[in-house]
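Some notes on the structure that comes next.
The values are calculated or read from the model by the stated rules, or taken from the named source; none is laboratory data. Note that this is a predicted model, so its numbers are computed, not measured. Please note: Cβ atoms are built from the backbone with ideal geometry, for glycine as well, and neighbour counts cover all protein chains shown. Just so you know, the surface numbers come from the protein's heavy atoms only, side chains and all, with ligands and any DNA or RNA stripped out. Shrake-Rupley method; radii C 1.70, N 1.55, O 1.52, S 1.80 Å.
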Amino acid sequence: MGTDLHAPLGQNRGPNRKRRRPPFGRILAGFCLIAIASFSLYSALLRDTLQKTPPPVETAEKTAPTPPADSKPTAADQPSLTEVDPQSGANTSRIVTSDGSVVTMFSPSTRDGSGPVLINANQIGQDPRMAATPNEALLEDSPFGKLPIVAPSGLRPMDQYARPWSGARGTRIAIVVSGLGLSQTGTQRAIEKLPEEITLAFAASGNSLQRWMQEARRGGHEILIQVPFEPFDYPSNNPGPETLLTSQSAAKNIDNLHKAMGKITNYTGVMNYLGGRFLSNTDALQPVMRDIGKRGLLFLDDGSSAQSKSGTVAKALETPHAFADMQLDGELQQDAILKKLDELERVARRNGTAIGVASAFDESIDAISKWSEEAAMRGIEIVAVSALADDPKHP
């Protein structure tokens, strides 16, 4: 049988002839189509798997593991920078001239240690964001807790924790509300309602003082620590435990003073609670006043005793001192307290400055809050007590 040599491609040209294979190009095209389809399916499956599987954690060689969201940074996580005062890189000397002026001279010196330091540029007052945090350069350890001291640079707690004021030459009034810490609700109300210009005095025998101190400082208040002194009618009128007494040794009174000082930090000075007999006894008062001044603090006499020698002793020892002109809430009625505040304003307009003190009673807080708003509109500047203290360092 013959074979049709002209049969179309792909048809059998004879019964004993094998079928011809498809061209190589068609095989290659088919293989490519299969490969593309397989790759698309694999990509889809891989994408689905990645969406369901969390990303792998990088190895320790590349990055440190991420801490849990609820973990708090530890001291080891924070940059190790030492906070220093600007004057820590200088030798400081002061000379009192013949006219009583104080000349301060600075010469270069080297700071201790090496590496970067954090310069604290605030010499009067604190950054509000740090107001509840003590400056460690102004503290020393003692058996009674951390006590205030003057920094090597000469910076005092009275300067660091003072509330700044405008510096204007207008009429200035300081109002001190005392007894904070004795009543929890009363303390909270005073901190929340009183304007930040009002100075707050915390009783050393109060409760939760550190927490209240922090709230008061965050609220912008300057604060004092209130120490119990012996009154004339002691012991029938007992200010409380660890009262400073004329019958005790100077060492015992200093220990009791330090126990009170160690209760909180960030205060500018000490204020008496009662103490008519103690404040009138020069021998008992001198060691206490000397220690207060040595630690860079002021002393506020609440003015309750006409026989007080605190001003005379403070001047002799060059301890910053302030004396209250008026007790504002001897009569515990809001109208009566408002009248006392008006009287305090008249004293301030006559003398340029005045200081009033009150206790943290509801009536006192309400009256002081109301009067303070009105006084500002009359051109009265309410300042913290440190702004009105007689300060030998800044005559």
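Using a 1.4 Å probe on the protein chains only, how many percent of the accessible area of the range 222-276 belongs to carbon and sulfur? Show your work: numbers first, answer last.
Details: 980 of 1820 Å².
Of all accessible area on the range 222-276, carbon and sulfur atoms account for 54 percent.
Could you order peptides 194-204, 282-292 by the average number of other Cβ atoms within 10 Å of their residues, highest first?
Values: 194-204: 24.3, 282-292: 19.3.
Answer by packing, highest mean first, reads 194-204, 282-292.
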Query raised in the report: How many percent of all Cα-Cα pairs in the range 124-219 sit more than 17 Å apart?
Result: 58 percent
Report summary line: Projected area averaged over all directions for the convex hull of the alpha carbon atoms of the range 219-278, nm², comes out at 4.5 nm²
Report summary line: Largest-first semi-axes in Å of the equivalent ellipsoid built from the Cα gyration tensor of the range 190-331 are 24, 16, 16
Requested in this report: Would you kindly state how much longer the chain becomes between Glu140 and Gln333 on full extension, computed as 0.36 nm times their sequence separation minus their alpha carbon distance, in nm to one decimal?
Outcome: 65.2 nm
Query raised in the report: What list of ³J(HN,Hα) couplings, whole Hz, do you get for the range 215-225 from phi and the Karplus terms 6.51, -1.76, 1.60, once you set θ to phi - 60° and write x for glycine and proline?
Result: 5, 5, 5, 5, x, x, 7, 7, 10, 10, 9
Report task. Kindly report, to the nearest 10 Å², the accessible surface of His258 as traced by a 1.4 Å probe over protein heavy atoms only. Result -> 20 Å²
Query raised in the report: In the range 272-387, if every C-alpha pair distance is counted and binned at 5 Å from zero, what percent goes to each bin?
Result: 2, 11, 19, 20, 17, 13, 11, 5, 1, 0
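Compute the accessible area per residue over the range 285-395, keeping the other protein chains in place, probe 1.4 Å, unit Å².
On the way: 5070 Å² over 111 residues.
Result: 46 Å² of accessible area for each residue.
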Query raised in the report: With the calculation restricted to Cα positions, what are the radius of gyration and Dmax of the range 163-263 in angstrom?
Result: 15.7, 46
Report task. First measure r as the distance between the Cβ atoms of Arg218 and Glu374, then evaluate 1/(1 + (r/R0)^6) with R0 = 35 Å and state the FRET efficiency to the nearest 0.05. Result -> 0.85
**Report entry** Kirkwood hydrodynamic radius (C-alpha pairs) into Stokes-Einstein, the range 235-311, 4 °C and 1.567 mPa s, D in µm²/s
**Finding:** 101 µm²/s
Report summary line: Whole-Å distance linking the alpha carbon centroid of the range 200-216 with that of the range 165-194 is 13 Å
Query raised in the report: the range 155-197: D in µm²/s via Stokes-Einstein (Kirkwood Rh, Cα pairs, 4 °C, 1.567 mPa s)?
Result: 100 µm²/s
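Greater than 32 Å separation of Cα atoms is the criterion. Which listed pairs, Lys193/Lys339; Lys259/Lys309; Lys146/Lys309; Lys193/Lys252; Lys146/Lys370, meet it?
Details: Lys193/Lys339 20 Å; Lys259/Lys309 23 Å; Lys146/Lys309 29 Å; Lys193/Lys252 38 Å; Lys146/Lys370 37 Å.
Check vs 32 Å cut-off fails for Lys193/Lys252; Lys146/Lys370.
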